[in-house]
Amino acid sequence: MALYVIGDLHLSLTGEKPMDVFGERWANHTQRLREAFAQLTEDDVTVLAGDTSWGMSLEGALEDFRFLDALPGKKLLLKGNHDYWWGTAAKMKHFFAAQGFSTLDVLHNNCFLYGDYAICGTRGWFYEEDAAGTHTGKMVAREALRLEASFRSARQSAPEKELLCFLHYPPIYQGYQCPELLALIDRYRPVRCYYGHLHGATHRRAFEGRRNSTEYALISADYIGFVPKKICD
């Protein structure tokens with residue numbers, strides 16, 4: 001039994017958006033994911049940190065969800081900027097149940113408990129999405145509320161457990177910080193924060209290491225070789 005994380009699977013089992021157009025690094029990435037997950041067990045849990053499927057709707061992402069459900073272990077999905085299929089938690093859970101998917105759940109305004117840890121997270125926000133350049137829009141405020149709701153859920157349900165934070169967008173990046181989210185991370189002090197979104201040449205601008213009480217790590221699929229990163233047993 002172990003806890004893992006990986007982000008940015010960018011699945012497209014319908015073939016509408018093959019990822020090999022983005023270079024050799026992405027060649028056969030779906031098969032590589034299948035082989036990597038084959039090393040996991042049914043008792044393992046994997047957090048999927050956003051940009052899971054290119055599907056434009058739940059129905060459009062059906063084959064991608066079927067692929068995920070067939071992989072070993074439970075998967076906790078959070079939203080990425082390309083997850084256009086994302087809806088309300090109730091709608092997504094109803095869809096998964098109707099399709100008979102038993103290994104998929106969503107991390108959204110809630111938390112999950114795993115061993116000595118509480119799993120918290122949300123999509124986050126990033127400067128490239130702030131078209132007005134003010135970084136004070138409704139979306140960053142909404143994402144901050146969602147992250148705090150997740151942290152508070154963990155504190156209320158299991159105050160003795162250490163927090164793990166999962167985001168899609170990096171809260172800190174070379175030359176950039178998201179102060180709203182970093183303030184929450186500093187207040188609730190998760191022991192680790194995992195994030196994705198960065199690809200290719202932007203990998204080198206990622207922040208990894210300790211900041212205050214939290215250790216940060218990039219877990220985009222192409223950065224970690226399409227192999228889920230083990231967090232703990």
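Every read-out reported here was derived from the displayed coordinates using simple, explicitly stated rules and does not represent laboratory data. Computed from a predicted model, the values in this text were never measured in an experiment. Backbone-built Cβ (ideal geometry, glycine too); neighbour counts: all protein chains shown.
How high is the relative contact order of the chain, in percent, with contacts defined as C-alpha pairs under 8 Å that are six or more residues apart? Please list the in-between numbers first.
Values: 489 pairs, mean separation 54.0, N = 233.
Relative contact order, the chain: 23 percent.
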> What is the pair-distance distribution P(r) of the chain, computed from all Cα-Cα distances in 10 Å bins starting at 0, with each bin given as a whole percent?
Replying inline: 8, 34, 39, 18, 1
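Taking the Cα centre of the chain as origin, sum charge times position over the Cβ atoms of Lys and Arg (+1) and Asp and Glu (-1), and report the length of that vector in debye to the nearest 20.
Numbers: 26 positive and 29 negative charges, 110 e Å.
Dipole about the Cα centre, nearest 20: 520 debye.
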> What number, rounded to the nearest 500 deg cm²/dmol, is the helix-based mean residue ellipticity at 222 nm of the chain, given -39500 (n - 2.57) per DSSP H run of at least four residues and division by all its residues?
Replying inline: -7500 deg cm²/dmol
> If the cut-off is 14 Å between C-alpha atoms, which aspartates and glutamates fall inside it for K93, apart from same-chain ones fewer than 8 positions away?
Replying inline: E59, D69, D105
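Filter the chymotrypsin sites (Phe, Trp or Tyr not before Pro) in segment 186-233 to those in DSSP coil with at most 13 other Cβ atoms within 10 Å of their Cβ, and list the result.
none
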>> Along the charge dipole of the chain, pointing to its positive end and built from +1/-1 on Cβ of Lys, Arg, Asp and Glu, which listed residue (Y84, Y114, S57) has its Cα farthest out?
In response: Y114
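As a quick test, which of the pairs K74/K230; K74/K229; K17/K230; K138/K229; K161/K230 have an alpha carbon distance above 22 angstrom in this structure?
Values: K74/K230 14 Å; K74/K229 15 Å; K17/K230 28 Å; K138/K229 33 Å; K161/K230 19 Å.
Check vs 22 Å cut-off fails for K17/K230; K138/K229.
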> So which GluC sites (Glu not before Pro) in segment 1-85 end up in coil per DSSP with only 15 or fewer other C-beta atoms within 10 Å?
Replying inline: E16, E42, E59
> Quick one: what does P(r) look like for segment 1-127 with 10 Å bins over all Cα pairs, in whole %?
Replying inline: 12, 46, 35, 7, 0
>> Using 10 Å bins from zero, what percent of all Cα-Cα pairs in segment 159-233 falls into each bin?
In response: 19, 53, 25, 3
>> Using amide H atoms built in the peptide plane, which far-off residues or other-chain residues are under 5 Å from L13 H to H?
In response: D64
